[in-house]
Amino acid sequence: MPFLPTAPVRIQPYFGYRNRERLRITARALRSRVGTFEKRGKWRVAKTMLGQFASHEVAEFPVELEIARPGIANRRHRGLTDEEGFVHFDIRLDPDWGYDEQPAWETVTFHWSAGEGQQCLDAHVLAPGSDTGLAVISDIDDTIVETGITGDFRKVMRNWRRVLMQMPEERIIVPGADVFYNALGGGEVLALGEGHAGESQPATNRPFFYVSSSPWNLFSYLVTYIRGRGLPLGPIFLRDWGLNRATFGSESHGAHKRAAIDGILAAYPELKFALIGDDSQGDLTAFADVALDNPGRVRAIFIRKVGERMSPEELTAKAKLKAANVPLWVGDRYDTGHEFLASIGLLTDEEARAIVETVEQTDPRRAV
């Protein structure tokens, strides 16, 4: 039964990205009200989270994307939502659109007509800088936050209460992730303007992309979590969920992530990438396949160790990476990774010292 079937149609934009030739961005037409993630009692928390999943998608709904470029007249591109309410724009930029020196969030605008008349909403597109040589692709689930919404069906059910009853600010960040990610990001450069994501959010010198098996319904939740924890913000590649074996099967997780990573690498053939994941869904073997299939494109791989022992497949992947001279870090805490960053040239000596000092202040129990 549709949730809020009489609510006005709104557009939920997701973060886009572009290179010099193409701009890609997705949005979704929903009949729902914008929820705020505020801790105001268990009932309100549960109601907010249920609202994220019980959305009413609007199919065959016309949406226009307006792109404004310096020195070129604004152009509008028309799209129609599919049966799940998604509209995907893959726009050929003519003429080519160059980069600024540093990475930047650029603004585009969605237009649609609802009961209140003509509506519009800004969305944001990430463009790497002309001086950018390295970008980062990171998993989310169990890499920066223990989501409890992926894995087999029993795990989903066992962790469902956590999903429904905790706001983003209540979720515990993986120890050291904020320091590690910002060091790998190379510092902040520009601010993200006001829009659907809320307050301004700085970009980083090294662009970030997030790939997760979580559903698109949790986009706003995850953005709130990433921003609130001071992690670098970037386009997020999520999945359309269904209550079936395809959703919960491990093979579908791997296929989704691999397709997303391949798309990002193809969009930026001039960039090298650092890949960050964990061992709960086979990220090491998947990342090794990416590195071996794309020689010279993967600068380093970082795996947060959740399990106790490496599987035979992981040991094989580790050996292949060593033979291919792809640096690999495996550890249970990110604050042990700073020496590795420095050793492979992803940090200056000053940056390495800053990480050591920060870790010592935030976790005095651990020797660095």
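The values are calculated or read from the model by the stated rules, or taken from the named source; none is laboratory data. Being a predicted model, the structure only gives us computed values, none of them experimental. Every residue, glycine among them, receives a Cβ derived from its backbone with ideal geometry; neighbour counts consider all protein chains shown. Side chains included, ligands, DNA and RNA excluded: accessible areas come from the protein's heavy atoms. Shrake-Rupley method; radii C 1.70, N 1.55, O 1.52, S 1.80 Å.
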task = Give the residue that is modelled with the highest pLDDT, with candidates limited to residues of region 270-280 that are open to solvent by 40 Å² or more (accessible area, probe 1.4 Å) and more than 15 Å from Pro327 (Cβ to Cβ).
result = Glu270
task = For Ile264, indicate whether it is in a helix (DSSP H, G or I) and either crowded, with 18+ Cβ neighbours inside 10 Å or at pLDDT 90 or above (or both).
result = yes
ask   = Scanning for something out of contact with any His (no Cβ under 6 Å at 6 or more places or on another chain), buried (at least 20 other Cβ atoms within 10 Å of the Cβ), β-branched (Val, Ile, Thr) and closer than 24 Å to Asp178 by Cα, does region 304-322 turn up at least one residue?
value = no
task = For region 323-353, name all the residues that are buried (at least 20 other Cβ atoms within 10 Å of the Cβ) and modelled with pLDDT under 65.
result = His338
task = Determine whether Glu106 is of a type in the set (Asp, Glu) and either at pLDDT 95 or above or open to solvent by 40 Å² or more (accessible area, probe 1.4 Å) (or both).
result = no
key: Matching residues in region 288-309 - criterion: being closer than 23 Å to Val145 by Cβ and outside any strand (DSSP E or B)   = Val290, Lys305, Val306, Gly307, Glu308
message = Being open to solvent by less than 40 Å² (accessible area, probe 1.4 Å) and in contact (Cβ under 8 Å) with a residue 60 or more places away in the chain is the filter here; which residues of region 281-301 pass it?
response = Asp283
key: Among residues of region 86-103, those that are farther than 12 Å from Ala27 by Cβ and either in a strand (DSSP E or B) or open to solvent by 20 Å² or more (accessible area, probe 1.4 Å) (or both), counted   = 12
key: Close pairs from region 309-326: first free of Cβ contacts under 8 Å to residues at least 60 places away in the same chain, partner outside any helix (DSSP H, G or I) and open to solvent by 100 Å² or more (accessible area, probe 1.4 Å), Cβ under 9 Å, at least 6 apart   = Ala324/Pro295
